[in-house]
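One structure below.
All of the numbers you see were taken from the coordinates with simple rules; none came from a lab. Quick caveat, the model's predicted, so the values are computed rather than measured. Cβ atoms come from the backbone with ideal geometry, glycine included; neighbour counts cover every protein chain shown.
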Amino acid sequence: MKLKVACQLVYESLENAPLILMLRPQNGLEQQIIEENYNLSPNLSIAEYKDSYGNLCQRVITPIGKLTIETLAIAEVKNELDIDFEAGFVPVENLPNEAIIYLLPSRYCESDKLYSLATEIVRDLPLGYAQVDAIRQWVKDNIHFEYGRSSSSSSAYDVSLSKTGVCRDFTHLCMALCRSLSIPARMVVGYLHELKPMDLHAWFEAYVGDKWYVFDATQDTPKGNRVVIAHGRDANDVAFASQFGDMELLSMWVSVEELLSC
């Protein structure tokens with residue numbers, strides 16, 4: 001499927017302040033970027049770099065007053081997710097070096113506190129993909145999706161107790177449960193076609209069967225048609241904007257549109 005994805009952010013700043021953005025998708029195994037536009041109003045100098053996870057980051061100094069950021073990309077993406085219940089557990093000693101970091105507890109994923117819950121969920125299931133999918137299904141069935149009940153500081157353990165949250169909370173809990181079973185899991189943020197209500201979205205990938213598989217505990221059925229912007233250990237690594245000064249996000253608009261082939 002070919003998707004046109006767009007985002008607009010409007011900030012009001014009381015000072016010239018550093019702002020780090022993470023809004024540019026890249027070519028990857030499951031997406032090809034065909035066209036891209038990135039505009040700032042007023043026009044500002046942008047310094048771009050790749051972080052330690054390979055995500056594209058843009059550094060700017062905000063003007064005093066309003067700053068509008070508009071991004072647009074056209075991407076060719078997979079219609080369906082890869083699903084393989086035969087994909088097995090990869091022993092830690094056989095994991096690629098870059099996957100090791102996604103085994104460890106992180107700021108929002110206290111995997112060391114969730115082992116008992118994880119083992120209860122997976123019970124006697126085959127090691128690997130089947131366990132991850134059972135975790136995804138358990139979170140889907142037992143955590144209530146609701147805005148305003150969690151905050152930017154809510155962690156996976158908090159959500160396991162409150163049983164409420166939004167996509168980032170569902171994702172943190174799934175990842176922490178996977179990591180407690182020594183299955184690498186990383187957070188992914190980007191766009192999802194037909195997401196309701198439309199917004200930037202968070203899901204996760206787990207490393208089983210010697211590859212990364214996509215899982216999303218907020219959706220009733222597996223859905224492809226995703227455009228990835230960034231991935232990392234948790235929300236701390238994949239924030240679409242990190243501000244270092246006195247500024248306010250006034251508005252945010254997100255759009256995902258299918259482009260029909262001629």
Normalise the Cα radius of gyration of segment 92-229 by 2.2 N^0.38 Å (N = residues in it) and let me know the number. 0.97
Distance between modelled label sites at D82 and S255, nm, 7 Å Cα→Cβ extension: 3.3
Around G232 (Cβ within 13 Å, Cβ-to-Cβ, excluding G232; K/R +1, D/E -1) the net charge comes to 0
Assertion target for S52, S242, ordered by fewest C-beta neighbours within 10 angstrom first, is S52, S242
Note down the magnitude of the dipole of segment 92-229 about its Cα centre, charges +1 on Lys and Arg C-beta and -1 on Asp and Glu C-beta and zero elsewhere, to the nearest 20 debye. 220
Once you charge only the Cβ atoms, +1 for Lys and Arg and -1 for Asp and Glu, what is the size of the charge dipole of the chain about its Cα centre, to the nearest 20 debye? 240
Rh (Kirkwood, all Cα-Cα pairs) for segment 6-115, Å, reads 17.7
Straight-line reach from K140: which aspartates and glutamates fall under 12 Å, measuring Cα to Cα and dropping same-chain residues less than 8 apart? D169, D216, D220
Out of T71, T221, T119, a Gaussian network model of the chain with alpha-carbon springs under 10 Å gives the largest mean-square fluctuation to T221
For a quick check: sort K50, K196, K223, K113 by the number of other beta carbons within 10 angstrom, fewest at the front. K196, K50, K113, K223
Eligible lysines near K113 by straight Cα distance, threshold 18 Å, same-chain separation 8 or greater: K163
Go through (i) 83, 61, 37; (ii) 58, 45, 35; (iii) 63, 45, 33 and flag the label whose value is the computed Cα extents along the principal axes in Å for this structure. (ii)
For segment 30-43, what does the Karplus curve 6.51 cos²θ - 1.76 cosθ + 1.60, with θ = phi - 60°, yield as ³J(HN,Hα) per residue in whole Hz, taken in order and with x for Gly and Pro? 10, 8, 10, 7, 8, 8, 8, 10, 9, 10, 10, 10, x, 5
Return R179, R233 ranked ascending by Cβ neighbour count within 10 Å, so the fewest neighbours appear first. R233, R179
Residue-wise HN-Hα coupling along segment 52-67, computed from phi with Karplus coefficients 6.51, -1.76, 1.60 (Hz; x: Gly, Pro): 5, 9, x, 7, 7, 10, 10, 9, 9, 10, 6, x, 6, x, 8, 10
Counting only helical runs of four or more DSSP H residues, what would the 222 nm mean residue ellipticity of the chain come to if each run contributes -39,500 (n - 2.57) and the total is spread over all its residues? -5000 deg cm²/dmol
Would you mind counting up the charge near Y157? Only other residues with Cβ under 13 Å from its Cβ, with Lys and Arg at +1 and Asp and Glu at -1. -1
Given Cβ point charges of +1 (Lys, Arg) and -1 (Asp, Glu) and nothing else, what value in debye, to the nearest 20, does the dipole of segment 1-66 about its Cα centre take? 100
With label points set 7 Å from each Cα along the Cα-to-Cβ direction at Y115 and S151, the distance between them in nm comes to 3.1
For a Förster distance of 35 Å, can you work out the FRET efficiency between the beta-carbons of M1 and T68, rounded to the nearest 0.05? 0.75
